[in-house]
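Notes for the one structure printed next.
The values are calculated or read from the model by the stated rules, or taken from the named source; none is laboratory data. Because the structure is a prediction, the values reported are computed rather than measured. Cβ atoms come from the backbone with ideal geometry, glycine included; neighbour counts cover every protein chain shown. To get the accessible areas, we keep the full protein, side chains included, count just its heavy atoms, and leave off ligands, DNA and RNA. Shrake-Rupley method; radii C 1.70, N 1.55, O 1.52, S 1.80 Å.
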Amino acid sequence: MTFLIQQTLLYAVPLMIVALAGVFAERSGIINLALEGIMIFGAFIGVLFVRLMQGTALFHDAFAAKDWLTLQGLELLAMLAAGVMGAVFSLLLSFASVNLKADQTIGGTALNLMAPALVLFLIRIIANQNTLGMADGSDAASWFMIKKSTFGIDRKTDLGFLGETFINRVYLATYVCILLFIVLSVLLYKTRFGLRLRSCGENPQAADSLGINVYKMRYAGTTISGVLAGIGGFVYALTTANCASTGDVAGFGFLALAVMIFGNWKPLNIAGAALLFGLFKCIAASYASIDINGDGVCLLANAPISSHVYRMLPYLITLVVLAFTSKKSRAPKAEGIPYDRGQR
Amino acid sequence: MKNQGKTLLQRDGTKTVLASLLSIVIGLVVGSLLVLLVGLFSDNLGLSSAWEGIRLIFFGILSTGRSAVGNLTWGFNPQSIGNMLFRATPLILTGLSVSVAFKTGLFNIGAPGQYLMGTMTTLAIALGIPSSALPGPVIWLLAFLGGMLAGGLWGCIPGLVKAFLNINEVLACIMTNWIAANLVTWFFDATKVFQNTVENTKSSYVYKTAYGRTLVDGTWTYVDGNGVQTAKLGLDKLFPGSQVNAGILIAILIAVGVYILMTKTTLGYQLKACGANRHAARYAGINDKRNIVLSMAIAGALAGAGAALYYLSGNTEFYWHTYQTLPATGFNGIPVALLAANNPIGVIFTGCFMSMLNIVGLQLTNLTAYNEYITDVIISVIVYLSAFSLLIKMLLSARKKDKPEQAAADTPAEDGPAGEASAEKGGEQA
C-alpha cells in the first residue's frame, strides 16, 4: 500500500503541476498545447544542470560529506533552472499567439515538434547517444532521494504507516510542487492579479475597457504556464526516469491537458483528477510489482490480463472520461481567440 | 513585362507559394545558425565542420559522399533522389490526410495512429494470406485496401467523439495515437507468426512483404521472393541503388483524386462548408456531424494508404515494438500540409521537400559529427512560421507595394546563398 501511494504520488504530482500550467495559460485566453514540448525542454535543462553540477567542487564536497541540506538545495536550483528555461521556451508561444495573432494550435504543435528535435540534437552532441544521464553513469535520482538515513534514523526503525509513506524514500521536489500548487491556486482565485488574469480569458474586451492590459496578462499567464511545465518536466524526469532526459515524456503533457479538462479548469478538481490519472499511470508503469494488501502476492501481474492492456489503460480511460465529462465542461470563453483591440 | 509580373505577383496563390518558400528558407537558415553555434562552442567540432554541415543542409540531396582526401563531393546522386521519392510516398499521403481534415476545420494530429493501424492491417493481410492461395497482385490490392480501411476506421473515432460528444479532436487524436501504438505492439506480440525469425540478427522486426507465407514440408514458413511487392515500373533503372517503386505514382494519383474530390464534387463542397462555418453549414441543410466523421474517415484512410504503400514496397521492415514511440511520418504530415497551404497538388511538392530534408539528415549523420535531428528542428521552425503564414503573406504584399523590384528579386529565393541573404531580411521584418 505504501508503495502504491508513493508511486501514485510520483506520477500525480507532475500531472497536477502541469495541468495547473495549462489552467494559467487557458484562463488568460491562450491554448497551451505546447505543454508536452515545454516539459521535454524543462526536463533536458534540469538534467543538464545536474550533470554540469556534478563536476563542481561544491557538489563533490557535499556528496562526500553527505551534506543533504546542500544536495536538496541543488535539487531546488535545478528545478529553478528548468522553470526559467521553460518560461523562456514558452515565450515563443506567447510571442506568436499574442503579438502575431497566430493559430495557437499550430504554434503549440510547432513547439511540441521543436522541443524533442532540439533536445535530441543537443543530447547526441553532448553525450553521443540518445539519452542524457550523468557523465559517469551514476544514478542521480538516488542522491536527492530522502531516506531514513538522511535524518540519521536507523534503517530498521519502523516509522509507522504515515512516516514510511511520506518521509522514507520520497523527493523534496514532490512537496515543493504541492506547495507551489496551493500557492498558485490561491493566487489565481484570491488576488487581484488572478481575477484580472481570469477576466482576460472570459471577456478580454470588457477587461480592456476597464484598463487591464490584455496582452500583458496573456504573456503573464503563458509565462507562468511555461515555468510550471518546465518544473513539471524536470520533476517527472527526476522522480520517474532516474534523472535522465530522452527527448520524450510519453505523452504526459497531453495527459495533463486531459486532466485539466476533466478537472473543469478548477484547481481543486484538477488535484483530484491528477490523483486518479496518477493511479492509472502507476498501474501502467508498475503493474507487475504492486502488492496492494501486503501479502506478497501481486494481484495485477497474476490476473489473466495482457500487460499491453495496463499500458493502454491511461489513454483509454482518458478518452472514456472525456466522453462522459465533456458535455458539462466549461472552457474559458475567449480561449484560442487572438485578442484584437479593434473588435471591442 | 513589368505589368505582367505584377499581376502574377498579386495573385493570392503566388503569395502563398512565396510565403511557403520564405518559411522554408528561414527554417534552413535557423538550422544553419544552430549548426554554426554548436560548431563554434564545441571543442571537437570547429568552424570547418560547421561550414560542411551548413552546405549539407542546403544541398545535401546533391552530395555524393567524401573524396579520398576527405573533402565533400557533389553531383547527381541517383540513389538519394530515388530514396527521396520513395520516402515522399507516405509523406504525401499523411500530408493529404492532414490537409483534408484541415479543410473541414479539424486538426488531424492522429495521423501517426492511423498510420500504425494501416501498417498493422496491411502487414497482417500481406503476410497472412498464403502465396499459393492468390496471385501476388491480388494480395497486394487486398492489403492496400485493408490498410486504407483500418486507417479510416481508426480516424472515425476522433471524428465521432468530436461530432457527437464535442471532445476536442486534438486530445482525442493524441489518445488514439497512443492506444494504436499499444494495440499494434500487442497484436504482433500475441500473434508471433509475423515476427521475423529468418534473419536472426534482428529482434522485434516483422517480415518484409517480399517474404511469402509458403507451405514447406507441411509447415507454414516464410520464403523470400515469394510474397508481394509494389511494381517498380522501370523506376529502379532510372535511379539505381534506391528503393523507389510505383508507389510514388500511386500517391500522386491519389493526390489528384483528392484535389478533384475537394474542388469538383458536392461532398468536397460540403466538407469545406463545414470547415468554414459549421453552424452556417447546418443552417444551409448540410449534415455537419456526418461530414465531420466522414472527413476524419477520409483523412484516416489516406494515412492508412501511406502506411500500406510504404510497407508493401517489399523491402521495408516494420519494427513492431512501438508502444513508446509514434511514427514520425505521421507527424510530418502536418508540416507537409501546412507548407502546401492544404492544397492537394501542393502536397506532392512539399512531401518531396520533406523527404529531401530527411535524406539531408541522413547525409549529415553519415558525413559529419552532426545528426539527423537538425532536420526535425528545421521542420518545427517551418511549422512555427506557418502558424502565422497569414502575417507573412500580408508583409509580402505590403512590401511589394513599396518596392516592386525587391519583391521580384525575392522570387528565385528557393535555396542557395542568394536566397539566404534576402530571407534574413524577411526574417527581421517578420
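Please verify whether the stretch B:149-163 includes one or more residues that are closer than 30 Å to A:P332 by Cβ, among the hydrophobic types (A, V, I, L, M, F, W, C), within 14 Å of chain A (Cβ to nearest Cβ) and in a loop (DSSP other than H, G, I, E, B). Walk me through how you get there before you give the answer.
As a first pass, look at the stretch B:149-163 and keep what is closer than 30 Å to A:P332 by Cβ: B:155-163.
Now narrow it down to the ones that are among the hydrophobic types (A, V, I, L, M, F, W, C): B:156-157, B:160-161, B:163.
In the following step, the residues that additionally are within 14 Å of chain A (Cβ to nearest Cβ) were identified as B:156-157, B:160-161, B:163.
Still in the running and in a loop (DSSP other than H, G, I, E, B): none.
No, the stretch B:149-163 contains no residue that is closer than 30 Å to A:P332 by Cβ, among the hydrophobic types (A, V, I, L, M, F, W, C), within 14 Å of chain A (Cβ to nearest Cβ) and in a loop (DSSP other than H, G, I, E, B).
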query = Is at least one residue of the stretch B:251-263 closer than 29 Å to B:T214 by Cβ, surrounded by 14 or more Cβ atoms within 10 Å (Cβ to Cβ) and among the β-branched types (V, I, T)?
reply = no
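Just to be sure before I move on: is B:A251 more than 23 Å from B:M148 (Cβ to Cβ) and assigned by TED's automatic domain parsing to the domain that holds B:T209 in the structure I sent? Give the steps one after another, and end with the answer.
Values: more than 23 Å from B:M148 (Cβ to Cβ): no; assigned by TED's automatic domain parsing to the domain that holds B:T209: yes.
No; evaluated as a whole, the condition is false for this residue.
Can you work out which of the residues in the stretch A:181-201 that are among the aliphatic types (A, V, I, L, M) and open to solvent by less than 90 Å² (accessible area, probe 1.4 Å) is farthest from A:G211 (Cα to Cα)?
Filtering the stretch A:181-201 down to residues among the aliphatic types (A, V, I, L, M) leaves A:182-184, A:186-188, A:195, A:197.
Cutting the leftovers down to open to solvent by less than 90 Å² (accessible area, probe 1.4 Å) gives us A:183-184, A:186-188, A:197.
On the way: A:V183: 26, A:L184: 24, A:V186: 23, A:L187: 20, A:L188: 19, A:L197: 13 Å.
By that ranking, first place goes to A:V183.
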inquiry  = Can you pull out every residue in the stretch A:136-148 that is open to solvent by 20 Å² or more (accessible area, probe 1.4 Å), at pLDDT 75 or above and not charged (D, E, K, R)?
reply    = A:S142, A:W143, A:M145
key: Residues within the stretch B:324-353 that are open to solvent by 10 Å² or more (accessible area, probe 1.4 Å), among the hydrophobic types (A, V, I, L, M, F, W, C) and within 16 Å of B:P112 (Cα to Cα), tallied   = 3
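Per-residue answers, yes or no, for (1) modelled with pLDDT under 50; (2) closer than 20 Å to B:L62 by Cα:
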position	(1), (2)
B:F353	no, yes
B:K401	no, no
B:A408	yes, no
B:T411	yes, no
inquiry  = Cβ-Cβ distance below 9 Å, separation of 6 or more or different chains: which pairs start in the stretch A:256-281 with a residue that is within 14 Å of another protein chain (Cβ to nearest Cβ) and of a type in the set (V, I, T) and end on one that is part of a helix (DSSP H, G or I) and open to solvent by 40 Å² or more (accessible area, probe 1.4 Å)?
reply    = A:V259/A:L276
request  = Return a yes/no flag: does the stretch A:194-213 have any residue that is of a type in the set (A, V, I, L, M) and not in a helix (DSSP H, G or I).
outcome  = yes
remark   = When the stretch A:161-185 is checked residue by residue, the ones that are hydroxyl-bearing (S, T, Y) and within 18 Å of A:T240 (Cβ to Cβ) are A:T165, A:Y171, A:T174, A:Y175
First in the stretch A:45-61 and within 16 Å of A:A127 (Cβ to Cβ) and open to solvent by 40 Å² or more (accessible area, probe 1.4 Å), second anywhere and small (G, A, S) and assigned to a loop (DSSP other than H, G, I, E, B), Cβ under 8 Å, 6 or more apart = A:R51/A:G133; A:R51/A:A135; A:G55/A:A135
inquiry  = For B:H321, only one of the following conditions fails: (1) open to solvent by less than 20 Å² (accessible area, probe 1.4 Å); (2) outside any helix (DSSP H, G or I). What is its number?
reply    = (1)
query = Which residues, taken from the stretch A:318-344, are outside any loop (DSSP other than H, G, I, E, B) and polar (S, T, N, Q)?
reply = A:T318, A:T325, A:Q343
query = Among B:S49, B:S80, which is touching a residue at least 40 places away in the same chain (Cβ under 8 Å), within 26 Å of the chain's Cα centre (by Cα) and within 17 Å of B:E372 (Cβ to Cβ)?
reply = B:S80
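Filter the stretch B:172-193 down to residues that are touching a Phe, Trp or Tyr at 6+ places or on another chain (Cβ under 6 Å) and of a type in the set (F, W, Y) and give me whichever is farthest from the other protein chains (Cβ to nearest Cβ).
Here is the first cut: in the stretch B:172-193, the ones touching a Phe, Trp or Tyr at 6+ places or on another chain (Cβ under 6 Å) are B:174-175, B:178-179, B:181-182, B:185, B:188.
From what is left, the residues that are of a type in the set (F, W, Y) are B:178, B:188.
On the way: B:W178: 4, B:F188: 11 Å.
So the residue we want is B:F188.
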task = Output the number of residues of the stretch B:9-27 satisfying the condition of being surrounded by fewer than 23 Cβ atoms within 10 Å (Cβ to Cβ) and either within 14 Å of another protein chain (Cβ to nearest Cβ) or closer than 17 Å to B:N371 by Cβ (or both).
result = 1
request  = For A:V84, indicate whether it is of a type in the set (A, V, I, L, M, F, W, C), under 21 Å from A:D248 (Cα atoms) and in contact with a strand residue (DSSP E or B) (Cβ under 6 Å, 6 or more places away or on another chain).
outcome  = no
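Here is a check on your reading of the model: is B:T266 more than 16 Å from B:F86 (Cα to Cα) and open to solvent by 30 Å² or more (accessible area, probe 1.4 Å)? So that I can check it myself, show each step before the final result.
On the way: more than 16 Å from B:F86 (Cα to Cα): yes; open to solvent by 30 Å² or more (accessible area, probe 1.4 Å): yes.
Spelling it out, B:T266 is indeed more than 16 Å from B:F86 (Cα to Cα) and open to solvent by 30 Å² or more (accessible area, probe 1.4 Å).
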note = Counting only residues in the stretch A:113-122 that are open to solvent by 20 Å² or more (accessible area, probe 1.4 Å) and more than 7 Å from chain B (Cβ to nearest Cβ), the one nearest to B:L37 (Cα to Cα) is identified as A:L122
ask   = How many of the residues making up the stretch B:354-378 are facing another protein chain (nearest Cβ under 7 Å) and either under 11 Å from B:M84 (Cα atoms) or open to solvent by less than 10 Å² (accessible area, probe 1.4 Å) (or both)?
value = 3
ask   = Consider A:G107 against the criteria (1) at the interface with chain B (Cβ under 8 Å from one of its Cβ atoms); (2) surrounded by fewer than 22 Cβ atoms within 10 Å (Cβ to Cβ): it satisfies all of them except one. Which criterion is unmet?
value = (2)
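Could you list, in sequence order, all residues of the stretch B:271-297 that are among the aliphatic types (A, V, I, L, M) and either without any contact (Cβ under 8 Å) to a residue 60 or more places away in the chain or outside the structural domain of B:N168 (by TED's automatic domain parsing) (or both)? Talk me through it step by step, then tell me what you get.
Pass one, the stretch B:271-297, residues among the aliphatic types (A, V, I, L, M): B:271, B:273, B:276, B:280-281, B:284, B:286, B:292-294, B:296-297.
Listed by number, the residues that qualify are B:A273, B:A280, B:A281, B:A284, B:I286.
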